[in-house]
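Student: This is the structure, below, for whatever I ask next.
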Amino acid sequence: MPVTEENGILKGTDAVIDKDFASALLAAEVKADYLFILTGVEQVAIHFGTPQQQNLLEMTVEEALRYMEEGHFPKGSMGPKIEAAIMFLEKGGKNVVITSIDKLKDALEGKTGTRVTL
C-alpha cells in the first residue's frame, strides 16, 4: 500500500504501482537469475504496427536504451517493461524474457519471445 508520512504518521495515499517495476525490484531483491515479463505480444518489436515492424528475439541493454531513445518503446506501452528489464539486469539479474503467456513455453526454449541481456 502506498503511503506518505505526515508528522511521523503514515497515511495511505492514491498511487499507481507499476507491476513490471515491482516485479523487477522483487526479482532483484531475491537475487533471481531470470525475470519473465508477460505481455500481450509474442515479441518486442521496433517500428511496431508499421510495415517496417521488426520483431526482436534478443537485445542487449545498450540496444534497448538506443531503441528507447529513438522512441520505439512508448511510456504507456512497452516502455515500462523495457525499463523494468534494464533495472533488473543492472541490479544483478542475468536474463529477462518478454513474451505473451501463450508463448511462454516456446520462449523458455528460445524459440520466441525477446531475451534482454547485459
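Student: Would you mind telling me which residue in Asp33, Asp14, Asp102 has the biggest mean-square fluctuation in a Gaussian network model of the chain, where springs connect alpha carbons within a distance under 10 angstrom?
Tutor: Among Asp33, Asp14, Asp102, the largest GNM mean-square fluctuation belongs to Asp14.
Student: Next question, about the same structure. Determine the calculated [θ] at 222 nm for the chain from helices alone, applying -39500 (n - 2.57) to every DSSP H run no shorter than 4 residues and normalising by the residue count; nearest 500 deg cm²/dmol.
Tutor: -9000 deg cm²/dmol
Student: Need the full-extension length gain, Glu109 to Gln53, defined as separation in residues times 0.36 nm minus the C-alpha distance. One decimal, nm. Before the final figure, lay out each step's value.
Tutor: Values: separation 56, 0.36 × 56 = 20.16 nm, distance 2.36 nm.
Result for the pair: 17.8 nm of gain on full extension.
Student: Right, something else. Along Cα→Cβ, 7 Å out, is where each label goes; now give me the distance between the ones at Thr4 and Leu26 in nm to one decimal.
Tutor: Distance between the two pseudo-spin positions: 2.6 nm.
Student: Here is a further query. Starting from the Cα of Lys31, draw a straight line to each of the lysines and keep only those under 21 Å, dropping any in the same chain fewer than 8 residues away.
Tutor: Within reach: Lys19, Lys81, Lys91, Lys94.
Student: I've got another one for you. Loop-only trypsin sites (Lys or Arg not before Pro) in segment 45-96, please: DSSP not H, G, I, E or B, and at most 14 other Cβ atoms within 10 Å. Walk me through the numbers on the way to the answer.
Tutor: On the way: sites: Arg66, Lys75, Lys81, Lys91, Lys94; in loops: Lys75, Lys91, Lys94.
Sites meeting the loop and neighbour criteria: Lys75, Lys91, Lys94.
Student: In a GNM of the chain with a 10 Å cut-off on Cα contacts, which of Phe88, Phe48, Phe73 has the highest mean-square fluctuation?
Tutor: Phe48
Student: What range in the chain is the longest one free of GluC sites (Glu not before Pro) that are in a loop by DSSP and have at most 11 other Cβ atoms within 10 angstrom? Walk me through the numbers before you get to the answer.
Tutor: On the way: sites that count: Glu70, Glu109.
Here the longest segment lacking exposed loop sites spans 1-69.
Only the coordinates and a few stated rules stand behind these numbers; no lab work does. What you see is a predicted model, and the numbers here were worked out from it, not measured in a lab. With ideal geometry, Cβ positions are generated from the backbone for all residues, glycine too; neighbour counts draw on all protein chains shown.
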